[in-house]
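Asker: The structure that follows is given in the form of structure tokens.
The values are calculated or read from the model by the stated rules, or taken from the named source; none is laboratory data. Source: prediction; values computed, not measured. Ideal geometry is used to build each Cβ from the backbone, glycine not excepted, and the neighbour counts take in all protein chains shown.
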Amino acid sequence: MFEILDRGGLGRIGFWTREGHEVRTPAVLFAATADRPAPTFAEFLLTEERRDDPRPQLVLGGSFFGGPRGSGDLPLAPGIPWSVRDLEVPVEAVSGDFAVLTSESQISAVSGVEVVFLANGPEFLRHPRDFASLVALVRQELGPAKLLGVTGLACPSNLAVLAYAGIDLADSSRVLLDAARGLYHTADGVVPLEEADRASCACASCAAGGALRDHNEAALHRELLVVRNHLAYGRLRELVEKRLANDPWNTAVLRHLDLRHFDLVEEYTPVAGGELRAYSHESLSRPEIVRFRRRVRTRYAKPSSARVLVLLPCSARKPYSLSRSHRKFRDAILACGNPAAVHEVIVTSPLGLIPRELERFHPARAYDIPVTGDWNRDEAAMVSEDLRAFLAANPYDAVLVHLGAETPIVREAVPDALVTSDGRPTADEALNALVRALREVVANLGKVPGSRRFAEDMANLARFQFGDAGVALVERATYRGRFPDVRVFRGDVQVASHTGRGLLSLTLDGGRILSQADAYCVEIEDFHPKGNLFAVGVKGASPEIRVGDDVVVRHAGHVRAVGTARMNAREMTDARRGEAVHVRHVLAQAA
């Protein structure tokens, strides 16, 4: 039985019950042989024969060359060689709860097992695209409840990438083989032993001038602990991007996942979280970032009262409105006399365009980038493309550009825009120019009441979060409080609230509105939750649900609770353990 706790990309931290032990994943199986036991830090063993060792073990069941051997857990591991993969060679794919997958055609045959290992792990080093495609296909077809493993592939420099791709179980065979070949492994890559500086390593083996294999195993274990730590704190993607420079294979796998399997990885990427650190070129294709940009195109429409667009630069402080520079911009807009007719949109990398009312959504609410004032071609192309699409869908009477280094990029995309800054947007002269330009363009526009514009902004928040169902949620709504702490009412009934978290939190009445729209709903068995909802009680879930979404818990159309999703839709329906929804409000049962 497997329980998912935290996730990053397709990777996840979980607990797997095996032989009465609870194994934490991702895990590394350390090889144990007759002449050498597994290291003391090993939590999980890979053996050829079952050993007198209290730690959980996985026993190999033979190989293509040696044939079946005993009653191993893994049949004919590690499978047939890549060079003869197209031959019709009979192989045993399943043994109890385990299977070794040698081809895509076997996926349906192994659907009943608990753990699937990909055969021919070392061959994937020459075929990163095949690796990414196969792990994506297995996860799509078999779902998140299966554990996925691969042997002969893991080393300290690629373990983070393997975990991000969804590999739950790896092994130490590659680093042991490389030790016999005189290769020294670290998280930064592999070098011949004679080129290694063992004095810089803190492991016991290097300190004592011990065996290279001991160092390699210790390095792999250290990286495993680092990977788990980054997963627990929502930082696995950042660790992966750090490791890209260590091996071109890492970069190739990540790009294949981002570009060819985005929909799958996005499905397992939370919609809420901590700070996002976008420090590398690959950050532009992060699922959180691409999802935000897509939603701006597919779920967003400018406030109908907004007639004038002002493009503003980002700030180091998030959300932007709390920064000193954006307070100055806001004062200038207020001075124009009709501020509700003005729409502020922030131009930034890597998110492209961020309408002011969305600045508290993840990841816009907390991201960090290196600020140099220089934009590379990919960033410039992204902003130009997003801006053209945005203006095509959202026409304005006038567009004002109040930017710094981004001005030439924007001017190329919008040549008729009015520029109000000479590259120093917070300078007094630039701010005065912005006030004068705004007064001129709003002079002939009707006065827009602030309450109307606020309602439009809140409707945009709801639409961005819930899609069309969000529009129904706030239809004819009134609002109480001061942003960001706002309560949403329909008549005298509160349907949601908004806080600094950046998302709308549903009440039971708001949940009923979403239930009528059949959106963001979790269908349960016939019971009334008395606490948080666990996956074992879930019958179905709306496919749009992601970790962090506000969701409705219902049975046969009757809303019984609302709360925050701790799993995505597929995990809720496939898993038998773990918290599916962190419940906030529960329907009181009649006495």
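Asker: Failed condition for Pro408, given (1) over 24 Å from the mean Cα position of the chain (by Cα); (2) in a loop (DSSP other than H, G, I, E, B); (3) modelled with pLDDT under 95, with all others met?
Answerer: (2)
Asker: Considering each residue of region 1-27, count those that are in contact with a helix residue (DSSP H, G or I) (Cβ under 8 Å, 6 or more places away or on another chain), assigned to a strand (DSSP E or B) and modelled with pLDDT of 90 or more, and give that number.
Answerer: Number of matching residues: 5.
Asker: Can you list the strands (runs of 3 or more DSSP E) found entirely within region 474-591 that contain at least 3 residues being out of contact with any helix residue (DSSP H, G or I) (no Cβ under 9 Å at 6 or more places or on another chain)?
Answerer: 478-482, 485-490, 579-586
Asker: When region 432-455 is examined, which residues are found to be crowded, with 20+ Cβ neighbours inside 10 Å and not in a loop (DSSP other than H, G, I, E, B)? Lay out the reasoning, then the answer.
Answerer: So in region 432-455, the residues crowded, with 20+ Cβ neighbours inside 10 Å come out as 433-434, 437-438, 441-442, 448, 453.
Correct list: Ala433, Leu434, Ala437, Leu438, Val441, Val442, Arg453.
Asker: Report, by residue number, each residue of region 263-286 that is in a helix (DSSP H, G or I) and closer than 20 Å to Glu544 by Cα. I'd like the intermediate steps shown before the answer.
Answerer: Initially, region 263-286 is screened for residues in a helix (DSSP H, G or I), giving 263-267, 281-285.
Scanning region 263-286 gives Asp263, Leu264, Val265, Glu266, Glu267.
Asker: Taking Phe30, is it surrounded by 22 or more Cβ atoms within 10 Å (Cβ to Cβ) and in a strand (DSSP E or B)? Don't jump to the end; show me each part of the working.
Answerer: On the way: surrounded by 22 or more Cβ atoms within 10 Å (Cβ to Cβ): yes; in a strand (DSSP E or B): yes.
For Phe30, the condition - surrounded by 22 or more Cβ atoms within 10 Å (Cβ to Cβ) and in a strand (DSSP E or B) - is met.
Asker: What's the number of the only condition in (1) within 16 Å of Lys302 (Cβ to Cβ); (2) of a type in the set (A, V, I, L, M, F, W, C); (3) in contact with a strand residue (DSSP E or B) (Cβ under 7 Å, 6 or more places away or on another chain) that Ala392 fails to meet?
Answerer: (3)
Asker: For region 207-223, check the following and say yes or no: at least one residue is under 13 Å from Gly9 (Cα atoms), basic (Lys, Arg), assigned by TED's automatic domain parsing to the domain that holds Tyr164 and assigned to a helix (DSSP H, G or I).
Answerer: Taking region 207-223 and keeping what is under 13 Å from Gly9 (Cα atoms), we get none.
Within region 207-223 (the criterion being under 13 Å from Gly9 (Cα atoms), basic (Lys, Arg), assigned by TED's automatic domain parsing to the domain that holds Tyr164 and assigned to a helix (DSSP H, G or I)), the answer is no, since none of the residues qualifies.
Condition check ((1) at pLDDT 95 or above; (2) of a type in the set (Asp, Glu); (3) in contact with a Lys or Arg (Cβ under 8 Å, 6 or more places away or on another chain)) across all residues:
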{"position": "Leu148", "(1), (2), (3)": "yes, no, yes"}
{"position": "Thr151", "(1), (2), (3)": "no, no, no"}
{"position": "Ser157", "(1), (2), (3)": "yes, no, yes"}
{"position": "Val161", "(1), (2), (3)": "yes, no, yes"}
{"position": "Ala165", "(1), (2), (3)": "yes, no, no"}
{"position": "Leu169", "(1), (2), (3)": "yes, no, no"}
{"position": "Asp178", "(1), (2), (3)": "yes, yes, no"}
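Asker: Kindly provide the set of residues from region 411-429 that are crowded, with 16+ Cβ neighbours inside 10 Å and in a loop (DSSP other than H, G, I, E, B), ordered by number.
Answerer: Across region 411-429, the qualifying residues are Val414, Ala417, Thr420, Ser421, Pro425, Thr426.
Asker: Moving on to the next point. Provide a single number: the residues in region 484-505 that are without any contact (Cβ under 8 Å) to a residue 40 or more places away in the chain, in contact with a Pro (Cβ under 7 Å, 6 or more places away or on another chain) and not β-branched (Val, Ile, Thr).
Answerer: Residues meeting the conditions: 0.
Asker: Take region 321-379 and flag every residue that is surrounded by fewer than 18 Cβ atoms within 10 Å (Cβ to Cβ), touching a residue at least 40 places away in the same chain (Cβ under 8 Å) and part of a loop (DSSP other than H, G, I, E, B).
Answerer: Ala335, Gly337, Ala366, Ile369, Pro370, Val371, Asn376
Asker: Here is a follow-up. Quick one: is Leu508 in contact (Cβ under 8 Å) with a residue 60 or more places away in the chain and within 29 Å of Arg324 (Cβ to Cβ)? I'd like the intermediate steps shown before the answer.
Answerer: On the way: in contact (Cβ under 8 Å) with a residue 60 or more places away in the chain: yes; within 29 Å of Arg324 (Cβ to Cβ): no.
No.
Asker: Next up: Against the conditions (1) under 30 Å from Leu276 (Cβ atoms); (2) touching a residue at least 60 places away in the same chain (Cβ under 8 Å), where does Val138 fall short? Just the number, please.
Answerer: Val138 satisfies all of (1) under 30 Å from Leu276 (Cβ atoms); (2) touching a residue at least 60 places away in the same chain (Cβ under 8 Å) except (2).
Asker: Let me ask something else. Every residue in region 211-228 that is touching a helix residue (DSSP H, G or I) at 6+ places or on another chain (Cβ under 9 Å) and without any contact (Cβ under 8 Å) to a residue 40 or more places away in the chain, please.
Answerer: Within region 211-228, Ala211, Leu212, Arg213, His215 meet the criteria.
Asker: Are any residues in region 418-454 farther than 30 Å from Arg480 by Cβ and within 36 Å of the chain's Cα centre (by Cα), and if so, which ones?
Answerer: Gly423, Arg424, Pro425, Thr426
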